Amino acid sequence: MLEYAVNPNIEMVVLGRPTKSHSLAVQMIGRSSRPLREITDDLNAAPNAEARRAIIAASAKPTALILDPVGVTGVHSLSMDLGDILGGDYGGAVVSEAKTRAMQTDGKITKEELEEAKKRVDAVEAAELERRRSFIVESSYTTKQVDPWAPASGGTHASGAPPKKKHEVPTPAQVAFLLKRKVPQSDIDMMTFGEAGRMMGEIKRRWKLKLASLAQVQLMVKYGVPEDHAKVMAREDAKRTIDAIVKNGWRPIHGDAYEGP
């Protein structure tokens, strides 16, 4: 029972959740420390704290019982003033503002003063928000499209030159993986760490789907198989196509010589 529970008749609270927030702890405890409604006007009219305590002591609810099985009161002070009690429905900044203004006058905090404090805090926050909206932020960026099939089609990677920073180059494990899958060393030298990772991902994806390997695609394209056909060919079909290329004397397949899988 934390929010919107305004019942001055509550005489006991069980603190069932730990918290590091002082304002939340005060809010939970404050559910039982609210004065009865019938003495609120007398408390506001009282000349000092001693008179207010006497009014509360003589009321039908002179005390409240706080049961704390989770140790909230061991972390936060139980010391509260009327601002803490009445301010349970306001943020910490509002209560702090109300207390500051009260110290400059009679030291008392009323519901009206909390409302005025809220208006002042809201005005400051609105002005700060408007100030931030006036900021002009400039940024620049570059984009590039990486084609993991660039080596298969004889193109070059988007990087255009070997990366120079250590953290940008492919790792030894990536290099070993790509070399084992027949990726030319010259192509690997042109890759960044990210491009090598994407190439590895594409190779693994094709293996899982039983599609032609990168080496098979490169070989078929080299000997006249249309690239769009080679990329979507099943691994077994690619093997039969390469066997046909061998039987053709390792001569390129053109036109009707390629019939597809």
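The values are calculated or read from the model by the stated rules, or taken from the named source; none is laboratory data. Remember, it's a predicted structure, so these values are computed and weren't measured experimentally. Note that each Cβ is placed from the backbone with ideal geometry, even for glycine, and that neighbours are counted across all protein chains shown. These accessible areas exclude ligands, DNA and RNA; they are computed on the full protein's heavy atoms, side chains included. Shrake-Rupley method; radii C 1.70, N 1.55, O 1.52, S 1.80 Å.
Taking the criterion of being touching a residue at least 60 places away in the same chain (Cβ under 8 Å) and open to solvent by less than 50 Å² (accessible area, probe 1.4 Å), would at least one residue in region 233-240 satisfy it? For region 233-240, residues touching a residue at least 60 places away in the same chain (Cβ under 8 Å) and open to solvent by less than 50 Å² (accessible area, probe 1.4 Å): absent. Restricting region 99-113 to residues that are open to solvent by less than 50 Å² (accessible area, probe 1.4 Å) and not hydrophobic (A, V, I, L, M, F, W, C), the residue that is modelled with the lowest pLDDT is Gly107.
Taken as a whole, the structure places Ala244 among residues that are at pLDDT 85 or above and open to solvent by 30 Å² or more (accessible area, probe 1.4 Å). Inside region 50-98, residues that are modelled with pLDDT under 65, of a type outside the set (A, V, I, L, M) and part of a helix (DSSP H, G or I) make up a count of 5.
Given the condition small (Gly, Ala, Ser) and at pLDDT 75 or above, answer yes or no: does some residue in region 145-159 qualify? There is no residue in region 145-159 that is small (Gly, Ala, Ser) and at pLDDT 75 or above.
Can you find a residue that is exposed (fewer than 12 other Cβ atoms within 10 Å of the Cβ), modelled with pLDDT of 80 or more and part of a helix (DSSP H, G or I) anywhere in region 160-169? Within region 160-169, none of the residues are exposed (fewer than 12 other Cβ atoms within 10 Å of the Cβ), modelled with pLDDT of 80 or more and part of a helix (DSSP H, G or I). One residue stands out in region 178-216 among those that are in contact with a Ser or Thr (Cβ under 9 Å, 6 or more places away or on another chain) and under 29 Å from Arg251 (Cα atoms): the one that is modelled with the lowest pLDDT, namely Lys182.
The set of residues from region 5-40 being assigned to a helix (DSSP H, G or I), of a type in the set (Ser, Thr, Tyr) and open to solvent by 30 Å² or more (accessible area, probe 1.4 Å) comprises Ser23, Ser33, Thr40. Among the residues of region 114-140, those that are open to solvent by less than 90 Å² (accessible area, probe 1.4 Å) and modelled with pLDDT under 80 comprise Leu114, Ser134.
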